[in-house]
Amino acid sequence: MPTPPINLHDYEALAEQRMLPAAWDYFATGTDDELTLRANREAFARIQLRPRVLVDVSHCDTRTTVLGIPVSMPILVAPTAMHRYAHPEGECATARGVGAAGTLMTVSTESACSLEEIAAAATGPLWFQLYVFDRANAESLVRRAEDAGYRALVLTVDSARWGSKQRAARSEAEAPQFRAGNFAEGADFPAVSLTWDALAWLKGITRLPVLLKGILTAEDAALAVQHGADGLIVSNHGGRQLDAVPASIEALPAVAEAVAGRVEVYVDGGIRRGTDVLKALALGARAVLVGRPVLWGLAVAGEAGARDMLELLRAELELALALAGRPTLASIDRSLVKLP
């Protein structure tokens, strides 16, 4: 009988065995030479923890809130497209698994299931990630997300053009074909160049909070706050847009410093261990988002796999809190980490 996965690396190996090669390439690839894809993991390995001892850690609490929404852990699900590449039930299965883990899922504009189907299946809170292909289309998606009960909008701002994902391009013809759930069959998705006025426009048409995803510099973080963003996600798009940019965790401290607590800051990219989550929190993140690992769980065991992957990560975080002498998330601060 096969040994069940005991960490995210186990899930990754099993998922690669179970997914079609073209579907695996679609999710796993980065841009160009994949420098940033690798950097997202390598950067975490260079950050050391500075544990404190003789602290009462008989109970460690991973619960927190994000934009006022209670979650069981500071680990959220990042937006990723086309979950049916990983499992026939797609994002609907993911949403059930994420809800069972007590945390929050961000649904992609390019989901394989419609945003309404996902909301109907969900047992936990949802955010909606928005690409603005054109403003009329985007406004329709915003209205639909509001009506379906989504709690925030996540505007992706690093996609003026699509990155050159060369490894995936070689197998693209063999990839499974699914209609994007939120659009009519045959709809095209051109990248669109946005400017800061897009944020004012979006905030003017919705009652939902708006987060910006794709911030990597202190300058843009300061501008985002000035223009009214309700939160920021430090992200290099999983290494799938501009190659040779910093790892997200490397960009996080400067962004957090520029924001200075005025809005909540989140980070994604390369989180694979509970200690990674701990390091991100110490460097200024309110919570982290994970993308590819959710797809691995989904590919291995559907809804249960997505839930189990998150629970493994939460358990690792709880253990890391205890061994670091930080029994609550509020007790985590910059002194916990030593940067290279």
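The values are calculated or read from the model by the stated rules, or taken from the named source; none is laboratory data. If you're wondering where the values come from, they're calculated on a predicted model, not measured in any experiment. When we count neighbours, we look across all protein chains shown, and the Cβ atoms used for this are built from the backbone with ideal geometry, even at glycine.
Could you look through the range 261-303, keep only residues that are acidic (Asp, Glu) and either farther than 24 Å from residue 325 by Cα or free of Cβ contacts under 8 Å to residues at least 60 places away in the same chain (or both), and pick out the one that is surrounded by the fewest Cβ atoms within 10 Å (Cβ to Cβ)?
Of the range 261-303, the ones acidic (Asp, Glu) are 264, 268, 276, 303.
Of the ones still in play, those that are also either farther than 24 Å from residue 325 by Cα or free of Cβ contacts under 8 Å to residues at least 60 places away in the same chain (or both) are 264, 268, 303.
On the way: 264: 19, 268: 28, 303: 21.
Only one residue fits best here, namely 264.
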Hand me the list of helices (runs of 4 or more DSSP H) wholly inside the range 131-215 holding 1 or more residues that are in contact (Cβ under 8 Å) with a residue 24 or more places away in the chain and in contact with a Leu (Cβ under 7 Å, 6 or more places away or on another chain).
135-148, 197-205
Residue under question is residue 203, and the condition is that it be closer than 26 Å to residue 306 by Cα, among the basic types (Lys, Arg) and buried (at least 18 other Cβ atoms within 10 Å of the Cβ); does it hold?
no
Test: residue 51 is at negative phi, at pLDDT below 95 and surrounded by fewer than 20 Cβ atoms within 10 Å (Cβ to Cβ)
no
What helices (runs of 4 or more DSSP H) completely inside the range 1-108 contain at least 3 residues that are under 22 Å from residue 176 (Cβ atoms)?
8-18, 21-28, 90-100
Any residue in the range 221-231 that is modelled with pLDDT of 95 or more, assigned to a helix (DSSP H, G or I), within 20 Å of residue 290 (Cβ to Cβ) and not aliphatic (A, V, I, L, M)?
no
Just to check your reading of the model, which residue among 151, 96 is charged (D, E, K, R), buried (at least 18 other Cβ atoms within 10 Å of the Cβ) and either modelled with pLDDT of 95 or more or under 25 Å from residue 62 (Cβ atoms) (or both)?
96
Yes/no for residue 106 being farther than 22 Å from residue 195 by Cβ and in contact with a strand residue (DSSP E or B) (Cβ under 9 Å, 6 or more places away or on another chain)
yes
Looking at the range 300-338, which of the residues that are more than 23 Å from the chain's Cα centre (by Cα), part of a loop (DSSP other than H, G, I, E, B) and not basic (Lys, Arg) is nearest to residue 80 (Cα to Cα)?
327
Among the residues of the range 232-252, is there at least one that is assigned to a helix (DSSP H, G or I), free of Cβ contacts under 8 Å to residues at least 24 places away in the same chain and either under 18 Å from residue 163 (Cβ atoms) or not hydrophobic (A, V, I, L, M, F, W, C) (or both)?
no
